[in-house]
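Quick notes on the structure that follows.
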Amino acid sequence: MALNYGIKVTRAGYSTTTNDPRQLLMSSAYPMFKYHNEYTASATFNPGDQTATASVTHGLGYVPAFMAYGVRDDDSTNFIIPSIPYAISEFDYAEAWADDDKIYFKVTLFDNYVGAGWNEIKQNLNTVYTNYDGGYSLAIIGNAFGESSSFGVQYANVPIVKDQSIVSATIDFLASDTGSGTEDFKMDIWGIDVDDLGDFGNDLGQSKTTATHKQTQASLDDEEHFSITVTNELEEIIARANWASGNDLGFYVFDDGTSSDGNNYASSSPENELFLSILKTGTLTVNFRAIVFKDRIAL
Amino acid sequence: MGDYGLKISKIGKSISSNNIDDLIFVSSSSVQATAMIVKPPASGTVTIAASSYGDVSITHDLGYIPTAILYTEATPGSGNWYMGCAFTNTVEDTYVTANGAYTYVDSTYFKFRIYNSIASQRIVKYYYFILGESGI
């Protein structure tokens, strides 16, 4: 006669004669996850980072079942991994995986930050003016047809607080059209020294920041990028008494007058080609937890 | 009426402890469910054409919506097993989609879709657990 024996524990209020697993806390008819250990690890986003990773060693020698969780150090909300985009926190994706020795974690920044890293602001150009041919829709630096060409740029609604500590600020310039020259070109750069710039029309003569510098750039081919550094100039603008997050700001980038005719670089669609990138200081740490079971994942 | 039930403590912890972290098992009325694996853990493979997807349908027939835990070896032979699904191929070129139209559990089936974003066929291994408590 086949024997049928074992242990069965029901939830409070349910009969031990039940066969519905939802009414049981334990039955020797069903296995349960066998706890191995719990591990924690941390990963840190430094300025500019888009991903952060960490791992812990379980040392089982085979791939175990596991559950993983995360929590940011500036937030008390624990999230289960994998996390789904748009669901929680500022991370696009948090994923975890196991091999026969370790559990790995990876988090990638939320969509709003893709293209930028942790603590990075990317701002599209709002308005531009270049003195070459009175252009409102292109930016030219250098000498075009014998005319020393300079430009001013304005960025609207910049989300940076007064006196924010920054690592760097740069304007990414895409030279979508270049002249025939092959010399280095030299620029003089200022911030526009006002609290809230607004559209500046064709005015390349507004008050300039004390902070200024020269920058030399090697010649470029069509569709090449270069970065115009504006770190010190930006710091001076956001240190102004009436600067507030969301104000507009701008910069002047002037040809220094030494460029030869034909040595010029133009952005013909600057609203899409002149991004302001600001990298703020500070880090973000994500703490992970993995519950590892002895149950083996195997084929 | 007396208070009775079953309690099992971890090695080195007192059976009189009421700290849940000290216990392996407790049938306290405050415990509403445990992680009983009501279907034998199982594995399989799915062959996915280049730049395509493969659907897997597992019949559990429990009559209610259980909790399912899925692991996949996204890159065959890598030895790296991912838990659950992903929105897109952020870590691996092959992933279980989080799109609820294709990856879900109902009262009869556990279904999931694996996308292969590389230009060659992949044979992806998976392993899953189906737990007794209701998933909703």
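Observations on the model:
- Using θ = phi - 60° and Karplus 6.51 cos²θ - 1.76 cosθ + 1.60, couplings along region A:293-298 (whole Hz; Gly, Pro as x): 9, 7, 4, 8, 9, 8
- Cross-link pairs exceeding 23 Å in C-alpha to C-alpha distance, out of A:8/A:102; A:294/B:111; A:106/B:125; A:34/B:7; A:34/B:111; A:8/B:7, comprise A:8/A:102; A:294/B:111; A:34/B:111.
- Tail fraction, Cα-Cα pairs, region A:120-280, threshold 21 Å, whole percent: 39
- Lysines with Cα under 26 Å of residue A:214, excluding same-chain neighbours fewer than 8 positions away: A:122, A:162, A:186, A:280
- The charge dipole of chain A, taken about the Cα centre with unit charges on the Cβ atoms of Lys, Arg (+1) and Asp, Glu (-1), comes to about 2660 debye, rounded to the nearest 20.
- Charge dipole (chain B, unit charges on Cβ, about Cα centre) - positive-most of B:65, B:51, B:77: B:77
- For chain A: rounded, prolate or oblate by the Cα gyration tensor [a/c cutoff 1.5]: prolate
- Farthest toward the positive end of the dipole of the protein assembly as shown, out of A:131, B:18, A:78, is the Cα of B:18, where the dipole comes from beta carbon charges about the Cα centre.
- Look at the stretch A:29-36: the mean tally of other chain Cβ atoms within 10 Å of its residues' Cβ atoms is 5.
- Peptide A:67-74 is shielded by partner chain Cβ atoms: per residue, an average of 1 of them sit within 10 Å of its Cβ.
- Of B:128, B:95, the sequence from fewest to most neighbouring Cβ atoms within 10 angstrom is B:128, B:95.
- Exposure proxy for A:229, B:47, A:209: other Cβ atoms within 10 Å of each Cβ, ordered fewest to most, give B:47, A:229, A:209.
- Neighbour counts of C-beta atoms inside 10 Å place B:37, A:141, A:278, A:189 in the sequence B:37, A:189, A:278, A:141, starting with the fewest.
- Prolate is the label for region B:1-71, because the ratio a/c of its alpha-carbon gyration tensor axes (a ≥ b ≥ c) is 1.5 or higher and a/b is greater than b/c.
- Positive-end residue of A:149, A:210, A:257, charge dipole of region A:120-280 with Cβ unit charges: A:210
- Over region A:246-285: Rg over Rh, Cα atoms, Kirkwood Rh: 1.13
- Overall, region A:20-81 carries a charge dipole of about 320 debye about its Cα centre when +1 sits on the Cβ of Lys and Arg and -1 on the Cβ of Asp and Glu, all other atoms neutral.
- Estimated 222 nm signal from helices in the protein assembly as shown, with DSSP H stretches of n ≥ 4 weighted -39500 (n - 2.57), rounded to 500: -500 deg cm²/dmol
- Rh by Kirkwood over Cα pairs, then Stokes-Einstein D for region B:37-134 at 0.692 mPa s and 37 °C, µm²/s: 242
Values in this text are rule-based calculations from the coordinates and carry no lab data. Remember, predicted model here, so these are calculated numbers, not experimental data. As a convention, Cβ positions derive from the backbone with ideal geometry for all residues, glycine included, and neighbour counts pool all protein chains shown.
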